[in-house]
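As C-alpha cells, the structure follows; a few thoughts come after it.
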Amino acid sequence: MAKQPVHDGQRVDAPTGTAFVGHEWDGIEELNTPLPRWWLWTFYFTIVWAIIYTVLYPAWPMIEKATAGTLGWTSHGQLAAEMTAANAKRAPLINALAAVPVEQLVSDQKVYQAAVSGGAAAFKVHCVQCHGSGATGSKGYPNLNDDDWLWGGDINAIHYTLTHGIRNPEHAETRQSAMPQFDAMFKPAELNAVVQHVQSLSGKAKPNAAGAALFATNCVSCHGANGKGLREFGAPNLTDNIWLYGGDAASIKQTVRYSRQGVMPRWGDKLDPATIKMLAAYVHSLGGGEATVAAAPIAATPAAAATEAK
Amino acid sequence: MADIEADTFLYEKRKGVFPKSVDGFFRRFKWAIMAVTLTIYYATPWIRWDRGPHAPDQAVLIDLANRRFYMFNIEIWPHEFYYVAGMLVMAGIGLFLVTSAVGRAWCGYSCPQTVWTDLFQHVDRFIDGDRNAQIRLQKAPWGPQKIFKRLSKWSIYLFVAFWTGGAWIMYFADAPTLTRDFWSGNAASVAYATVGVLTATTFIFGGFMREQVCIYMCPWPRIQTAMMDEKSLVVTYREWRGEPRGSVKKAEAQPGSVGDCIDCNQCVAVCPTGIDIREGPQIGCITCALCIDACDNVMAQIGRPRGLIDYLTLDDVDTEKKGGTAHPTLKTLFRPRTLIYFGIWSAIGLAMLFTLGQRTRLDLTVQHDRNPLFVRLSDGTIRNNYTVKVRNMETRDREVSLIIKGLPGAVAWTQDGSRENASQRVKVKVSPDSVQKVRLFVAAPEAGPQRTDFEIGAEALNGDEKGDSDSVRFERPGAGQ
C-alpha cells in the first residue's frame, strides 16, 4: 500500500503511522490511505483506452443506428470476410467435384473422402428430418444403410433421386409411380387372400392359391411375376425382409387398399450441384451402395431397349 | 511501527561474486563434464541415422508436427508416450539416487544452470582477467576501457546464449533444413520465438543472475534437503582440524596452539556462489568442490595433509569429531537406501527395455458405429458397421489381413469391397508409417444373441511378426425391432 508522506501539522494515527483525513463520525476517523499508483495508472489507462475504442469501433447508439467507428469494422463485415475466406479455401475441392462425373468420384480417393465427409455434414442439415441422424429412416422413410433400394442403389441412381426427388408435382423428370388403390376392386375375402400371398413371398405366411391368382392378374405388371419388384417403376421387392410401411398383415392390407404415395423433395433446385454430389457419395458409402452398372440409359435409347426385349 | 520497518528489508541486494580460477582434481572433472554435456547438447541433432525413404534421417528428433519421437533406432508414436513418461520417472528416481548417495552432485556438476554459469565465468576471466582484476574493473568508473570490455563480454554472452537457443530448436526439425530456413527467414515463427526466449533466458540466467537462480528461484535445492540424510556426501570443512585459525608463522612459533586453517580465504575466493564453506553446510553450496581443490593446493604448499575441506557424510563428521576415522568414500555409496533407489530405477529401465523389445509395430483399434447400431439387410441378415484404425508403424508398405474371430457365420467387407466377395478375412493395404482408417461392414445371421462380444484381429501378411486384435460387440435387433 502506498503510504502518503506525513506533513507538518497533520495528526497521525499512532498504531499505523498514517495521517488522518480529518473526517470523523462518532469517534471513528478516516485514515489517508490513497490508491496504489499502479492501480490508479491502470485506471487512467482504461479510460484512455475506452475513448480510443469508441472512436475506432462502432459504439454510441444513435437514433437510426450506432456510430460507425473510423475503422469501419462491423460484425457483418467480419462474417462476410470469414465466409469468403472459407469459400476460397473450399474452392479447389468444389471445382474438382464439379469436374468429376458422379460415377467416377471413387477413382480419386482424396476428392471422394472429402465428398463423403461433406455429404455427411450436408445430410445433417437437409436429410435428417425424414431419414434420421443415422440415415436409418422410419416408417415411410427408407433406411439408407441397407441394401434395399426402390429406385436403384448405384451412385448414379442415388444422384438422380436426390436431384429430381420422388413424386414432385410439376417436375417432369421426378421419380414417379402410382400404385392403384384396390379398396374398391377387392372384396374383403380377396383382399385377405392377396395379403396372405404377399406375406407368403417372404415366408411370413402359408401360400394362398386364390391370392396368387389375384396377384397374377393385378400386381405382376409392376411387382413382377415372382414379386421381386421393378426399379424402373419404383415397385418394391415383396420377397425380402424390408418393409417400408410394415410387413404385418394390417399394414400390407392398408397399403393394398389405399396405396402409399411417399414423397421426397427434389434438391436440384435447392442445393448446388457439388453438394448433391457429396450427398450421393455419402448415402452410397453407408454400406448398401451398389456398384455402378454400365450406363443403362432407359429414356435416352428406347430403340436399343426395344431390341433387347425381342 | 516505523522503527521495525527501518531495519527489515524484504529485498537483499546482490553481492558480486568474482570466483578465482583454480586447478585441481575436481576442477578437471568439471571441465570433463562440461565438455561432455555441452557436446551432447550442441552436437546431438546433427547426428544422422538412416531410416529409409519414409522417415527422417535425424538420430534424435521430436517431430511434433507429425507426432513422432525418434531416438536412434527407436521410434515412438503418440500412443506409446508412456515410454517418455517412464524415462521422466527414471530421471526423477535417478536424481533421488544421486542425491541420497553423493548429495547435490547434480547441482555441482551437470545442472545446465551450473554448466552455463561456469562457461560464462570463464568468459569473464578471458575478457576481464581473474578475480582481482574483475573486482577492480567493477569498482572502476565508466571509461572507454571499461565500456569496451563490458561490451565485448556481453557480446560473447549473447553469442553463446544465441547458440544455445539455436541448438534447442534443432531437436524439433531436420537440423540442416531448419538452419537454412532459419537464416533465410523461412522458418516457422515459433522457431524464432523459441530461439528468442532461450537466448534471453541463457543470457540473463547465465550472464547475470547466476547463483541467484540456485538460491532464490530453483525449487530443487529445497527438495534435495529432504532427499539427503546423514549418510549423503556433502562438502565439509573439518573445523575440528582447522580451528582455531592462525598463520604459518604462529604455528611455527607455538606448535599446537592453532589449527591447520591459515585463513587464506582461498576457499571463499574460488566459490562460484560466493559462500564461506567454513560456516558449515548451507543452501548456497552447490557442492561443486572447487573449494576442496583450492584448499588442497594451499595445504600442499604449507606441507599439511590434504582434505581440510573435503567430501564427508554428516555421520563421519561426528565420528571424526570424536576422534574416529571416516568411512572410505566408496563404502558410503552402498547402503540400503541407495540400493533400493537403484533397484527401482533399474527395474523401470529393464521393464521398459523389455516392453520395447516386445512391442508390436502393427496396431489395431476398432470402434463400433453407434448410429445405427445394426442394419437389417434384405435377406434378413444383420449388419454392423465398425471404424477400424490400422497403424503401420514400420517404414514400409504393408498388407494386413483383418480377421473376424468368434462370431459364427459372420463375413466382412470394407467400403472398397462388396458383400458378394465378403469373407472372414479382409485384406487392407497400409502405407508406411501411417494410420489407415477402414470402414468395416460385418454381416451375421439374424439368429443369435442380441449382443455378442467378438474379436477383430489384424495379421501382417508379408511374413513378419505378430499382429494385434481388439474386442468389440455385435448387436442384433431386440424383440419387436
Inset, instruction - Among what's in the range A:104-133 and is within 30 Å of A:H223 (Cα to Cα) and crowded, with 19+ Cβ neighbours inside 10 Å, pick the residue that is farthest from the other protein chains (Cβ to nearest Cβ). - result: A:C127
Legend entry - Among (1) touching a residue at least 40 places away in the same chain (Cβ under 8 Å); (2) surrounded by 13 or more Cβ atoms within 10 Å (Cβ to Cβ); (3) more than 14 Å from every other protein chain (Cβ to nearest Cβ); (4) out of contact with any Ser or Thr (no Cβ under 8 Å at 6 or more places or on another chain), the one test that A:R90 misses: (1)
Legend entry - Residue, surrounded by the most Cβ atoms within 10 Å (Cβ to Cβ), within the range B:406-421, restricted to residues that are at pLDDT 90 or above and either touching a Gly at 6+ places or on another chain (Cβ under 9 Å) or of a type in the set (G, A, S) (or both): B:A412
Legend entry - Residues (in contact (Cβ under 8 Å) with a residue 12 or more places away in the chain and either of a type in the set (S, T, Y) or away from every other protein chain (no Cβ under 14 Å) (or both)) located in the range B:356-374: B:L356, B:R359, B:T360, B:R361, B:L362, B:D363, B:L364, B:T365, B:V366, B:Q367
Legend entry - the range B:447-461, subset touching a residue at least 24 places away in the same chain (Cβ under 8 Å) and surrounded by fewer than 14 Cβ atoms within 10 Å (Cβ to Cβ), residue farthest from the other protein chains (Cβ to nearest Cβ): B:D453
Inset, instruction - Can you work out which of the residues in the range A:239-283 that are among the small types (G, A, S) and within 17 Å of A:T161 (Cβ to Cβ) is surrounded by the fewest Cβ atoms within 10 Å (Cβ to Cβ)? - result: A:G262
Legend entry - Test set (1) free of Cβ contacts under 8 Å to residues at least 40 places away in the same chain; (2) in a helix (DSSP H, G or I); (3) under 19 Å from the mean Cα position of the chain (by Cα) - A:A122 fails condition number: (1)
Inset, instruction - Scan the range B:164-175 and report the pairs whose first residue is more than 10 Å from B:T44 (Cα to Cα) and part of a helix (DSSP H, G or I) and whose second residue is of a type in the set (V, I, T) and at pLDDT below 95, with Cβ atoms within less than 8 Å and a gap of 6+ or a chain change. - result: B:F172/B:I62
Legend entry - Residue selected from the range A:3-47 under the condition away from every other protein chain (no Cβ under 14 Å) and in contact with a helix residue (DSSP H, G or I) (Cβ under 9 Å, 6 or more places away or on another chain), by the criterion modelled with the lowest pLDDT: A:P34
Inset, instruction - Give the residues of the range B:375-412 that are within 14 Å of another protein chain (Cβ to nearest Cβ) and of a type in the set (S, T, Y), sorted by residue number. - result: B:S378, B:T381, B:Y386, B:T387
Inset, instruction - Would you check if B:S418 is more than 14 Å from chain A (Cβ to nearest Cβ) and polar (S, T, N, Q)? - result: no
Legend entry - Count of the range A:270-294 residues which are of a type in the set (S, T, Y) and away from chain B (no Cβ under 14 Å): 1
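Among helices (runs of 4 or more DSSP H) lying entirely in the range B:283-396, which contain 1 or more residues that are more than 30 Å from B:D263 (Cα to Cα)? Steps first, please.
On the way: elements: B:290-301, B:314-321, B:329-333, B:336-358.
Where helices (runs of 4 or more DSSP H) fall fully within the range B:283-396 and carry at least 1 residues being more than 30 Å from B:D263 (Cα to Cα), they are B:329-333, B:336-358.
Being within 14 Å of another protein chain (Cβ to nearest Cβ) and not hydroxyl-bearing (S, T, Y): is that true of B:Q436 here?
So B:Q436 fits the description; yes.
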Inset, instruction - Test A:L79 against the criterion of being exposed (fewer than 12 other Cβ atoms within 10 Å of the Cβ) and farther than 25 Å from A:L279 by Cα, and give yes or no. - result: yes
Inset, instruction - Scan the range B:126-171 residue by residue and report those that are surrounded by fewer than 17 Cβ atoms within 10 Å (Cβ to Cβ) and among the acidic types (D, E). - result: B:D130
Inset, instruction - Could you tell me which residue of the range A:248-265 is farthest from the other protein chains (Cβ to nearest Cβ), considering only residues that are of a type in the set (G, A, S) and touching a residue at least 12 places away in the same chain (Cβ under 8 Å)? - result: A:S259
Legend entry - Flag for A:L79 being assigned to a loop (DSSP other than H, G, I, E, B) and at negative phi: no
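Just checking, which of B:V248, B:V270 is out of contact with any helix residue (DSSP H, G or I) (no Cβ under 8 Å at 6 or more places or on another chain), touching a residue at least 40 places away in the same chain (Cβ under 8 Å) and not hydroxyl-bearing (S, T, Y)? Talk me through it step by step, then tell me what you get.
On the way: B:V270 fails: out of contact with any helix residue (DSSP H, G or I) (no Cβ under 8 Å at 6 or more places or on another chain).
Going through B:V248, B:V270 in turn, just one is out of contact with any helix residue (DSSP H, G or I) (no Cβ under 8 Å at 6 or more places or on another chain), touching a residue at least 40 places away in the same chain (Cβ under 8 Å) and not hydroxyl-bearing (S, T, Y): B:V248.
The values are calculated or read from the model by the stated rules, or taken from the named source; none is laboratory data. Remember, predicted model here, so these are calculated numbers, not experimental data. Note that each Cβ is placed from the backbone with ideal geometry, even for glycine, and that neighbours are counted across all protein chains shown.
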